Amino acid sequence: MIQTKGYAAQDEKTNLAPWSFERREVGPHDVQFDIRFCGVCHSDVHQIHNDWSPGIFPMVPGHEIVGTIVKVGAHVKKFKVGDLAGTGCLVDSCRTCDNCKEGLEQYCLNGSTGTYNSLGQDHKTPTYGGYSNTIVVHEDFVLRISDTLDLAASAPLLCAGITTYSPLRHWKVGKGHKLAVLGLGGLGHMAVKFGVAFGAEVTVLSTSPEKEADAKKLGAHKFVVTSDAEQLKSVTGYFDFILDTVSAQHDVNMYLSLLRTNGTHICVGVPPSAYQIHAFSLIGGRKSLVGSLIGGLPETQEMLDFCAAHNITSDIELIDIKNIHASYDRMIKGDVRYRFVIDMATL
Ligand code: NAP
Ligand code: ZN
Ligand code: ZN
């Protein structure tokens with residue numbers, strides 16, 4: 001077994017603290033890479049607090065993982081020692097169901113294996129994430145990372161990147177569309193970059209007036225403060241798509257009124273409690289309320305290659321792992337500019 005150092009929460013009430021654990025030996029199809037940077041996703045906060053469901057503890061969060069390969073199994077063809085590598089939210093799936101065969105492993109009909117707070121395909125072995133010094137992953141769930149982009153700023157592409165790229169591609173958002181990005185955090189700022197790259201007119205809908213200058217620098221064409229009734233009125237019935245990245249409770253009915261006829265509200269944010277939707281918010285204007293979960297492995301590689309070709313990375317604040325809870329507190333307050341990334345050298 002491989003002795004591994006990490007940061008774990010022992011239960012939902014205790015803070016993350018140093019913790020040692022074991023990872024499996026490198027099998028014939030496995031890749032081991034030493035983790036250099038790991039992004040901090042709001043899903044890490046939700047999961048260590050049991051916001052969605054009881055978690056598997058001890059929990060080592062982290063699913064925006066990049067580093068350098070130190071060992072490959074005898075049958076690994078795609079990677080070699082010294083290459084950069086990345087892993088996102090998935091480390092395994094059944095690989096045999098219709099969705100897996102289509103490269104939609106996130107929708108595995110038999111249940112995919114998450115990078116942490118999850119069980120392996122044996123339904124027994126817990127997984128531990130990227131707030132740690134090294135990881136062993138089957139080569140099919142390892143991604144190629146470009147050495148032309150800043151490595152630390154590439155880490156958030158593995159979740160914030162693919163989670164916003166995938167729905168924009170699926171619903172073919174682009175030229176001629178008016179896209180609203182609801183919430184300018186980790187996911188939201190990537191959605192702005194992709195929306196602009198795909199040719200849409202992008203508006204940020206935010207609770208934080210002080211983020212306007214940043215939104216414009218990211219390429220957004222408009223910025224609307226959602227607590228300002230006059231500003232909201234100016235975009236009522238205006239958008240073709242709203243990409244909703246909000247992590248906390250909010251009134252979706254109010255945002256549905258900003259869609260034009262046949263408009264689509266795409267949920268990617270996952271607040272702890274259920275949305276309350278009135279049927280009238282949808283039927284008057286034939287509106288769609290849809291959702292999307294991260295992205296499959298082929299599309300994640302496509303997104304990483306797109307980012308390398310278009311020089312797209314995340315805007316990050318590099319942190320010492322000892323400051324993880326201060327970062328969580330800032331994230332919960334909406335004060336993230338625009339992704340915290342842990343420098344794993346501080347572990
Ligand atoms: P984040 O960086 O904390 O950003 C969330 C943003 O939402 C905040 O910066 C804030 O933006 C806005 N917001 C926060 N509280 C709000 C409220 N009460 N009302 C309205 N807006 C509010 O979080 P993230 O990492 O981007 O993740 C966002 C959500 O997506 C989380 O729930 C996460 O679990 C989920 N997620 C889903 C997937 C998926 O596959 N679907 C993948 C990853 C993450 P403003 O300051 O601009 O208002
Ligand atoms: Zn995430
Ligand atoms: Zn499957």
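Some notes on this structure:
- Residue that is surrounded by the fewest Cβ atoms within 10 Å (Cβ to Cβ) [pool: residues in segment 34-66 that are β-branched (V, I, T), within 16 Å of ligand 1 (Cβ to nearest atom) and farther than 15 Å from T127 by Cα]: V45
- The listed residue being in contact with a His (Cβ under 6 Å, 6 or more places away or on another chain), at negative phi and in the same structural domain as V336 (by TED's automatic domain parsing), out of H42, H75, H46, H63: H75
- Every pair of residues 6+ apart whose Cβ atoms lie under 6 Å, when the first sits in segment 246-257 and is in a loop (DSSP other than H, G, I, E, B) while the second is surrounded by 13 or more Cβ atoms within 10 Å (Cβ to Cβ) and not basic (K, R): V246/L182; V246/G183; V246/G269; S247/H42; S247/G269; A248/P271; Q249/P271
- Of residues in segment 154-174 being of a type in the set (A, V, I, L, M, F, W, C) and closer than 15 Å to V192 by Cβ, the one farthest from ligand 3 (Cβ to nearest atom): V173
- Test result for V136, more than 16 Å from ligand 3 (Cβ to nearest atom), in contact (Cβ under 8 Å) with a residue 24 or more places away in the chain, touching a strand residue (DSSP E or B) at 6+ places or on another chain (Cβ under 9 Å) and over 28 Å from V192 (Cα atoms): yes
- Pairs meeting the criteria (first residue in segment 268-288 and more than 19 Å from A180 (Cα to Cα), second residue among the aromatic types (F, W, Y), beta carbons under 9 Å, at least 6 apart or on different chains) are P272/W52.
- Residue in segment 204-215 that is among the β-branched types (V, I, T), without any contact (Cβ under 8 Å) to a residue 60 or more places away in the chain and within 28 Å of G67 (Cα to Cα) present: no
- Test: residue in segment 322-338 that is within 16 Å of ligand 2 (Cβ to nearest atom), aromatic (F, W, Y), part of a strand (DSSP E or B) and buried (at least 20 other Cβ atoms within 10 Å of the Cβ): no
- If the condition is being surrounded by fewer than 24 Cβ atoms within 10 Å (Cβ to Cβ) and out of contact with any Gly (no Cβ under 6 Å at 6 or more places or on another chain), then segment 169-190 contributes R169, H170, W171, K172, G176, H177, K178.
- So A220, is it part of a helix (DSSP H, G or I) and either in contact with a strand residue (DSSP E or B) (Cβ under 9 Å, 6 or more places away or on another chain) or of a type in the set (V, I, T) (or both): no
- Qualifying residue in segment 123-145 (condition: closer than 30 Å to Y255 by Cα, surrounded by 24 or more Cβ atoms within 10 Å (Cβ to Cβ) and within 16 Å of ligand 2 (Cβ to nearest atom)): no
- Checked against the criterion of being more than 14 Å from G130 (Cα to Cα), in contact with a Phe, Trp or Tyr (Cβ under 8 Å, 6 or more places away or on another chain), surrounded by fewer than 23 Cβ atoms within 10 Å (Cβ to Cβ) and not aromatic (F, W, Y), the candidates V70, V76, V31, V26 yield just one match: V70.
- D251 acidic (D, E), within 27 Å of I332 (Cβ to Cβ) and either modelled with pLDDT under 95 or touching a helix residue (DSSP H, G or I) at 6+ places or on another chain (Cβ under 9 Å) (or both): no
The values are calculated or read from the model by the stated rules, or taken from the named source; none is laboratory data. Keep in mind it's a predicted model, so treat the numbers as computed, not measured. Cβ: placed from backbone, ideal geometry, glycine included. Neighbour counts: every protein chain shown.
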